[in-house]
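Participant: One structure coming up, written as structure tokens, with questions to follow.
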Amino acid sequence: MNHVSELIRCTDFAAIKHKDQRRKDIEATPYINHPIGVAKILTEEAGITDIPVIQAALLHDTVEDTDTSFEELNQHFGPEVCGIVKEVTDDKTLSKMERKQQQINHAPHASYKAKLVKLADKLYNLRDLRRCTPCGWTAERVQEYFVWSSKVVAGLRGTNRKMEDTLDDLFKERDIII
Ligand code: NDP
Ligand code: ZN
């Protein structure tokens, strides 16, 4: 199958899986805007042309946030794409606090491809937080999220100059020492 069909198949799969979900912003933006935006950061800003990386970006939240299983991803998109998604998926048996610590601990050990998806994911979410504060979040919670993200990003460095520089600008804007 050609690359365009592969990408459209992933977009369609993710759109169906996330169809009832919304982002946490006040406008309740459709959730699918996020994985599509993460894929766009990789292609337009980071200069990534590796198709399995873009496929994994489109699918990266399907297991974490919907009823999708890794078996399903493996069956539809093969072991490489499934493997990248697995690397960027939190273990839902852990508490939220433990998951946050795991992201910091695991980041340096991730594969190059998973690190790319993770950097783009963090960049998208921090831009989203900068654009508008999610319903019910205090300024302190937003700042804590930026600080935690900077600790995850610390373990992803040396992967993509463009995304790391852009993230660093966002951290500096918040007086976070990197
Ligand atoms: P959450 O993990 O609950 O939410 C952030 C995640 O939501 C992002 O990583 C992103 O994940 C997704 N998301 C959806 N919409 C948006 C958006 N518009 N902008 C940015 N991200 C969005 O948030 P926290 O990390 O703050 O909470 C986790 C921990 O914080 C918990 O332990 C909780 O108990 C605690 N907490 C802290 C408070 C505080 O004031 N400090 C208050 C309440 C709870 P994805 O990439 O998957 O889309
Ligand atoms: Zn995400």
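The values are calculated or read from the model by the stated rules, or taken from the named source; none is laboratory data. Computed from a predicted structure; not experimentally measured. Please note: Cβ atoms are built from the backbone with ideal geometry, for glycine as well, and neighbour counts cover all protein chains shown. For accessibility, only protein heavy atoms count, side chains too; no ligands or nucleic acids. Shrake-Rupley method; radii C 1.70, N 1.55, O 1.52, S 1.80 Å.
Participant: Being away from ligand 2 (no atom under 14 Å from the Cβ) and either aromatic (Phe, Trp, Tyr) or closer than 22 Å to Pro134 by Cα (or both) is the filter here, so list the residues in the stretch 31-50 that pass it.
Facilitator: Residues satisfying the conditions do not exist here.
Participant: Can I ask one more? Name the residue that is farthest from Thr159 (Cα to Cα), counting only residues in the stretch 41-54 that are in a helix (DSSP H, G or I), open to solvent by less than 50 Å² (accessible area, probe 1.4 Å) and out of contact with any Gly (no Cβ under 9 Å at 6 or more places or on another chain).
Facilitator: Per the stated criteria, the residue is Ile51.
Participant: I need the full set of residues from the stretch 1-23 which are in a helix (DSSP H, G or I), over 18 Å from Ser69 (Cα atoms) and free of Cβ contacts under 8 Å to residues at least 12 places away in the same chain, in order please.
Facilitator: Result: Val4, Ser5, Ile8.
Participant: Pull up the stretch 26-40, narrow it to residues that are near ligand 1 (Cβ under 8 Å from one of its atoms) and open to solvent by 10 Å² or more (accessible area, probe 1.4 Å), then point me to the one that is farthest from Phe77 (Cα to Cα).
Facilitator: By that ranking, first place goes to Thr29.
Participant: If you go through the stretch 55-78, how many residues are within 16 Å of Leu7 (Cα to Cα) and either away from ligand 2 (no atom under 14 Å from the Cβ) or assigned to a helix (DSSP H, G or I) (or both)?
Facilitator: 12
Participant: Also, I was wondering about something else. Somewhere in the stretch 75-87, is a residue more than 15 Å from the chain's Cα centre (by Cα) and open to solvent by less than 30 Å² (accessible area, probe 1.4 Å)?
Facilitator: Within the stretch 75-87 (the criterion being more than 15 Å from the chain's Cα centre (by Cα) and open to solvent by less than 30 Å² (accessible area, probe 1.4 Å)), the answer is yes, since at least one residue qualifies.
Participant: Pull up the stretch 1-25, narrow it to residues that are hydrophobic (A, V, I, L, M, F, W, C) and within 16 Å of His60 (Cα to Cα), then point me to the one that is nearest to ligand 1 (Cβ to nearest atom).
Facilitator: Out of the qualifying residues, it is Ala14.
Participant: Can you tell me how many residues within the stretch 127-173 are surrounded by 14 or more Cβ atoms within 10 Å (Cβ to Cβ), over 24 Å from Lys24 (Cα atoms) and small (Gly, Ala, Ser)?
Facilitator: 1
Participant: Test Tyr124 against the stated conditions and say whether it is under 30 Å from Glu27 (Cβ atoms), near ligand 1 (Cβ under 10 Å from one of its atoms) and in contact (Cβ under 8 Å) with a residue 60 or more places away in the chain.
Facilitator: Yes; evaluated as a whole, the condition is true for this residue.
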